[in-house]
1. Please report the relative contact order for region 230-389, taking Cα pairs under 8 Å with a sequence separation of at least 6, and give it as a percent rounded to a whole number.
2. Can you tell me how much longer the chain between residue 193 and residue 395 gets when fully stretched, taken as 0.36 nm per residue apart minus their C-alpha distance, in nm with one decimal?
3. Would you please give the residues with an amide H less than 5 Å from that of residue 15, counting only those at least 5 places away or on a separate chain, with H modeled from the backbone geometry?
4. Search the structure for amide H atoms under 5 Å from the amide H of residue 332, placed 1.01 Å from N in the peptide plane, and list their residues when 5 or more places away or on another chain.
5. Students often check this: by mean Cβ neighbours within 10 Å, which of 198-209, 126-137 ranks highest, and how do the rest follow?
6. If DNA, RNA and ligands are ignored and the probe is 1.4 Å, what is the ranking of 169, 341, 261 by accessible area, most exposed first?
7. Could you state how much accessible area residue 347 has, in square angstrom rounded to the nearest 10, with a 1.4 Å probe and all protein chains kept in place?
8. Could you give me the radius of gyration and the Dmax of region 221-348, taking only the C-alpha atoms into account and expressing both in angstrom?
Amino acid sequence: MAGEPIRVLHFADLHIGIEAYGQIDPQTGLNRRVVDFLQAFDRVVEHAIHEEADLVLFCGDAFKNRDPSPTYLREFAARLRRLLEAGIPVFLLVGNHDLPGMEKRATPLDIFAEFRSLLREGDRLIVGRREAVHRIDTRRGRLQLIAMPFPVRTRLLKDEAWRNLPLEELDHKLREALYVLLQRMLEAEIDPALPTVVAGHFSVEGATYGSERQVMIGYDVVLPPSMFQHPAIDYVALGHIHKHQAVGDGSPPIVYSGSVERVDFTEEEERKGFCWVEVRRGDTQWRFVELPARRFTTLAIDLRNASDPEMTAIAQIRRAAPSLRDAVVRVHVRIRPEQIESMREARLREELEKAGAFYISSVRIEKEEITRLRLALGEVERLTPLELLERYLESRDPPPDPEWRARLLRAAEQLMKEQEDL
């Protein structure tokens with residue numbers, strides 16, 4: 001365990017291109033929520049440079065979808081350039097949102113791999129699209145990195161007979177194929193004297209899901225933590241699940257860095273950031289570094305016993321103003337049917353704007369069994385069909401079962417993806 005540890009900045013799930021809950025920023029011409037995600041990326045870059053990271057390890061899902069606009073590609077490339085010019089190697093792992101509709105098509109990240117030979121820093125920029133071992137020379141020593149991108153059945157399961165198996169058996173076959181691949185790399189390609197990091201983009205048993213249940217594409221394989229309990233592995237860096245967390249028994253550390261920005265209200269209480277990892281053979285230490293992400297705030301107002309519902313609601317909004325400033329806000333109002341005439345929704349929105357809300361997502365007024373969901377003016381045109389379905393499910397009273405809701409949204413997204421490919 002001699003020598004300095006290798007400093008790795010591990011982050012994931014940028015999802016550049018998410019525009020929900022934002023409007024155009026006149027200074028940049030970009031959606032203000034896109035600016036939020038880019039500013040989070042800027043903070044990651046600044047930390048890596050200031051703290052002299054030896055490697056920046058990105059564990060998948062650079063963009064919201066597999067066809068990012070040239071503007072988003074430009075913004076992503078500009079931040080990569082800062083890291084490379086600072087002499088910091090960058091590893092980009094392919095996630096499910098980075099995958100094209102067909103296997104032989106390029107991913108958005110492949111463009112950076114193609115330009116490696118034209119860049120002075122080209123040898124320090126690596127894209128991990130296949131399961132493979134990479135040896136990366138850093139200023140504090142050599143690091144071995146096992147790339148395990150988002151597992152695609154059609155690529156990993158070549159036997160045509162498997163294609164007609166039930167999903168449960170197919171999932172078992174896929175886990176088995178990944179286990180065999182990992183063990184082969186560990187036994188045949190790894191130097192046991194060097195520190196080794198696994199970079200993956202998938203789900204691991206025991207992890208807590210968040211909004212990514214709504215943005216995942218396709219059926220999701222779940223791997224057991226025991227698969228990574230090998231003496232050669234010093235750290236497992238994961239992307240795919242937006243909530244920062246460690247799973248397993250800690251030997252080795254199996255860590256989701258989480259996303260760098262909140263996506264929606266399901267992430268309202270989650271901290272956002274990245275992991276700072278000091279990798280030394282047999283003795284790896286890591287810590288979570290929190291970023292100042294955009295707040296999402298739900299304000300619940302019960303007016304059923306109020307003599308003047310509107311003024312009572314306004315008073316509560318004013319008291320809550322510090323938590324509403326610069327936040328994406330939704331309001332849930334409970335009211336008696338006979339009070340509805342004394343409640344002007346426009347007046348509540350006016351107070352929310354005065355409180356400095358970044359964006360008013362919705363004002364839901366509940367009376368008895370009736371629920372009304374009001375979207376901000378013009379929001380319907382900006383939301384994707386999947387986002388509209390999500391809002392509809394959010395408005396149901398009682399809310400649907402979370403697992404059923406997640407399955408429905410995954411099925412809807414898969415259907416939309418198939419329609420795009422036709």
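The values are calculated or read from the model by the stated rules, or taken from the named source; none is laboratory data. Everything quoted here is computed from the prediction, not taken from an experiment. Cβ atoms come from the backbone with ideal geometry, glycine included; neighbour counts cover every protein chain shown. The protein model used for the area step is the full one, side chains on, heavy atoms only, and it has no ligands, DNA or RNA in it. Shrake-Rupley method; radii C 1.70, N 1.55, O 1.52, S 1.80 Å.
1. Working: 280 pairs, mean separation 23.5, N = 160.
After rounding, I find 15 percent.
2. On the way: separation 202, 0.36 × 202 = 72.72 nm, distance 5.56 nm.
Going from the current span to full extension adds 67.2 nm.
3. 62, 63
4. Amide H to amide H, under 5 Å and 5 or more residues apart or across chains, residue 332 pairs with 299, 300, 301, 364.
5. Values: 198-209: 20.8, 126-137: 17.4.
Per-residue mean Cβ counts within 10 Å order the peptides as 198-209, 126-137.
6. On the way: 169 95, 341 160, 261 5 Å².
Ranked from most to least accessible, the order is 341, 169, 261.
7. It works out to around 50 Å².
8. For region 221-348, the Cα-based Rg and Dmax read 22.4, 69 Å.
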